[in-house]
Structures are given as C-alpha cells and as structure tokens.
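*Asks:* This is the structure, below, for whatever I ask next.
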C-alpha cells in the first residue's frame, strides 16, 4: 500500500498537469488513486453480486414472466437446490424459475437465480437432464462469468468504482450502467470457453448430486438433432457454441470416467408427473 | 446385480429421449448386445454410419442400423439435423407476437430474442414471486432422499 502511494505520487509529480498543486493536494490525489488501484484487485462482494443478479433477473422477467404452474416451479426448485448443495457455494440464495416461454433456453444470473424456459423443460426427458442443465447454469454463477463479462462490456470495475458506497438499485448510476451492460451480455452471450467450462464442470456437479452424468450430453444431443433454423432455438444457438462442438468436448473428457453412475428410477416417475402438468 | 439390471431395464422404458431420430457415428463404433462396455460385440459400424436412435440409457443409446441392432456409446454419435424451416417447436405461446414483424403486442407474452432481452422493461413484481418457490437446503435434502438420490464424491476434470 505504502509503495503504491509513493509510486503514484512520484508519477503524479512527473505529470505536467500537476503544476500549481501544493504538496498536500498531491499526496491526497496519490492516496485516492492508490485506493482505486487496491480496490481494482478486490473482487466484487457477494452482496453486490447478489444485488446485480437481482436487477438482471428482474430484466429477464420483463422479457418472459414466470410460468404460473406452481408444481413445476417447486419441482425445479427442489432439483436445483439439491444440485446446488454439491457446489462450492452451497449457501448462496439459490432460487429457480420456469419462464413462460416456448423458446428452448436457460439463464443464470449472478448470485444464484437461475431460469429455465418452459419450452426447454418440455423437451427434457429425465430429472438427470434437468439437473444437467441447471448444473451448467450454476457454473456460470460459481465462476462469475456474467459478472466478469458485464464489467468488461461496460469498462466497469464494480468493486473499485463503488468505493464503498451501497449499490442501490434505484439511484446508483453505476447500477444502471451495470444492468445496461448486463442486457447486452445476455443478448450476445458469454465467451465460448465459459460455455465449455460450464459443460465440463456441470456434468461433475450433477453426478455429485447422484444424477446420470449423461443428462447434459443427452440434452445437447436433443439440441443437435433439433432444427437449427427453428425460431425457438434462435437465441440459444446464437449465444452458445454448436451442440456438436459441445458434445465433442464432453466426448473427450468423459471417456470412461462416468460409466459407473446412474440415477434412481424414482426420479423418472416424479419428473414425468411434474412435467405432465405443464401446458 | 440382477436387481440393478431390472432397475436399468425399467429405466429404459421411461426414457424415449430423441427416439427415432437419425444419428451418425463420429468414429468406428461397436454395436453391443447390452449397454455395457464388456457386453458382447454384435458388429462394428464404420465412421459416418447412419443409425436410427431408439432410446437412451445413461451413456448408451439403443440403435437400429443396416449392420444390426443393439447398443452404442452415446458420445460416438452426433445427430446434426439437415432439416430446414420452422419445425413447429415454436407453437402456442408466441401468440402475442404480431405477424411477421416480430413486434410483440403489449398484452401478449414477450419473447426471448436478443432484441427482447435488450428492450424489455424490468419486472420487479415478477421477481418478488420467485421467493415463494425457493427451497431451503433441508427441504432439498428431503426431496433427494425421496428420490433415492445419493451424493457422490467426484473431482472436476481438467480442460483438455
């Protein structure tokens, strides 16, 4: 810290713009800059992460509301919350929502709110497939993919730019900036490496929770066999690597490591019962 | 073992995943009599063979092909479609969309296109509803117990 200050003061002194400032001002300026440098290395706090996620989730719900099917909502929350207990952030306020949309898609928001569309849910066949999709989304939360992407998109450093003030959703221009960048990120998608990481780790998290490791690959096979021109897949295909490329990656890493696992049949009966209620 | 087999066979019946879709092999692939690596091999499909997928069970799919019927490893198959045009997946719930303009009328269900995501106003009231469906850790554990789910210990696999 002291080193930063001395270096920054020295740097400030060498700038022509410093003419006319007294030593006190220079020290103060150097100190403020140093605080920012230190803050830049500080991660966004969990509370900030959750608050940004809240704003993003409310925006997504503006595009598609929740399904009114309470049984499906509860079922997805049970599966998701169970899977979340097998991550390294089991105490996040994980919550799940089924979106009233015929599109096939799923979304993660920072802090642990995860959505799956009704259209995708209706195209799944087992609880293991659902667990695989939710685990994939959880990795985006765990690895803070969206948080990093929106800070990059807005050239924003939430932790340092905030400098200790509360990130109030109503009045903080920084929050507005973050959420605007968030909209762009969700419309454009994450880097493909983030998606591959979510697949690679997602299968392990679902397996840890006792599910069939091949649930997520089966969903990718379903997407691979679906018509790529179908409008209900447009955003999913725009924002993700091709299903065949994702399968090839899983093909490489799964090899024979996942042969000994299968999901209990009890999960199939309740999956079918819960999904059958979706209209 | 016998019990496991029965369970597995039962689970076959309930898994009509992408049934009757067409796949092709991405490498030479053995057709197994049963969905196990050590089951007897009925035939070997060369790379780029076309197969009809009948059902999935774990990492295996049951197929029919010119070279015989049996089980192959799921990840030896791809099924990228060559069909064109809207296949009708998009059906009932886009009624709010007016005509071909893609404009969403205010009373209808909005869509999840890139434009929708960028333009939709926030819906904090809908967000508030999420909490009523959220499940506590102990409830989720009960749910898992009812489904006979058992936690496994497993490390992440490094990127290749």
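Values in this text are rule-based calculations from the coordinates and carry no lab data. Note that this is a predicted model, so its numbers are computed, not measured. No Cβ is skipped: glycine too gets one built from the backbone with ideal geometry, and neighbour counts run over all protein chains shown.
*Asks:* When the C-alpha atoms of segment A:136-279 are aligned to their principal axes, what extent does each axis show, in angstrom, from largest down?
*Replies:* Projected onto the principal axes, the Cα atoms of segment A:136-279 cover 51, 38, 34 Å.
*Asks:* What is the average number of partner chain Cβ atoms found within 10 Å of a Cβ in A:87-95?
*Replies:* What the average comes to for A:87-95 is 2.
*Asks:* How high is the FRET efficiency from residue B:67 to residue A:148, r the C-beta distance, R0 51 Å, rounded to 0.05?
*Replies:* Details: r = 48 Å, r/R0 = 0.95.
Given R0 = 51 Å and the Cβ-Cβ separation, E is 0.60.
*Asks:* May I pose another question? Taking the highest mean first, how do the peptides B:119-132, A:140-153, A:114-127 order by number of other beta carbon atoms within 10 angstrom per residue?
*Replies:* Packing order, densest peptide first, comes out as A:114-127, A:140-153, B:119-132.
*Asks:* Taking R0 as 35 Å, what FRET efficiency do you get between residue B:22 and residue A:277 from their Cβ-Cβ distance, rounded to the nearest 0.05?
*Replies:* The calculated FRET efficiency here is 0.65.
*Asks:* In addition: Per residue of A:125-135, count partner chain C-beta atoms within 10 Å of its C-beta, then hand back the mean as an integer.
*Replies:* Whole-number average of other-chain Cβ neighbours for A:125-135 is 2.
*Asks:* In nm, to one decimal, how far is the modelled label at residue B:159 from the one at residue A:160, with both set 7 Å along Cα→Cβ?
*Replies:* With each label point 7 Å from Cα toward Cβ, the separation is 2.4 nm.
*Asks:* Any chance you could list the semi-axes, whole Å, largest first, of the equivalent ellipsoid that the Cα gyration tensor gives for segment A:223-279, using √(5λ)?
*Replies:* Here the semi-axes work out to 26, 23, 7 Å.
*Asks:* Another question, if that's okay. Per residue of A:246-256, count partner chain C-beta atoms within 10 Å of its C-beta, then hand back the mean as an integer.
*Replies:* 4
*Asks:* If you build the Cα gyration tensor of segment A:54-171 and take the root of 5 times each eigenvalue, what three semi-axes come out, in whole angstrom, biggest first?
*Replies:* Numbers: eigenvalues 146, 53, 32 Å².
Over the Cα atoms of segment A:54-171, the semi-axes work out to 27, 16, 13 Å.
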